[in-house]
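Student: What follows is a structure written as structure tokens; I'll ask about it next.
The values are calculated or read from the model by the stated rules, or taken from the named source; none is laboratory data. Predicted model only: the values in this text are computed from it and were never measured. Glycine also receives a Cβ, built like all others from the backbone with ideal geometry; neighbour counts cover every protein chain displayed.
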Amino acid sequence: MSYTCFYCRKEVPDELRGKKIRCPYCGNKVLIKERGVTTKVSAR
Ligand SMILES: [Zn+2]
């Protein structure tokens with residue numbers, strides 16, 4: 001499960017995030033959980 005920064009939209013992996021919920025790139029504390037969004041394509 002990786003997080004995405006709400007502001008800079010970069011992926012923040014667990015090892016970079018550490019114990020602090022914080023974006024290492026821009027330093028904001030708003031991270032959103034990345035969902036595994038799969039688009040359904042009906043193959044016929
Ligand atoms: Zn950020």
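Student: Among the residues of segment 30-42, which ones are surrounded by 10 or more Cβ atoms within 10 Å (Cβ to Cβ) and either over 11 Å from THR4 (Cα atoms) or at pLDDT below 75 (or both)?
Tutor: GLU34
Student: Which residues, counting only those in segment 6-26, are more than 7 Å from the ligand (Cβ to nearest atom) and modelled with pLDDT of 80 or more? Explain how you work it out, then say what you get.
Tutor: Taking segment 6-26 and keeping what is more than 7 Å from the ligand (Cβ to nearest atom), we get 6, 9, 11-22, 24.
Across segment 6-26, the qualifying residues are PHE6, ARG9, GLU11, VAL12, PRO13, ARG22, PRO24.
Student: Sort out which residues of segment 19-33 are in contact with a strand residue (DSSP E or B) (Cβ under 7 Å, 6 or more places away or on another chain) and assigned to a loop (DSSP other than H, G, I, E, B), and write them in order of number.
Tutor: Those that are in contact with a strand residue (DSSP E or B) (Cβ under 7 Å, 6 or more places away or on another chain) and assigned to a loop (DSSP other than H, G, I, E, B): ILE21, CYS23, PRO24, TYR25, CYS26, ASN28.
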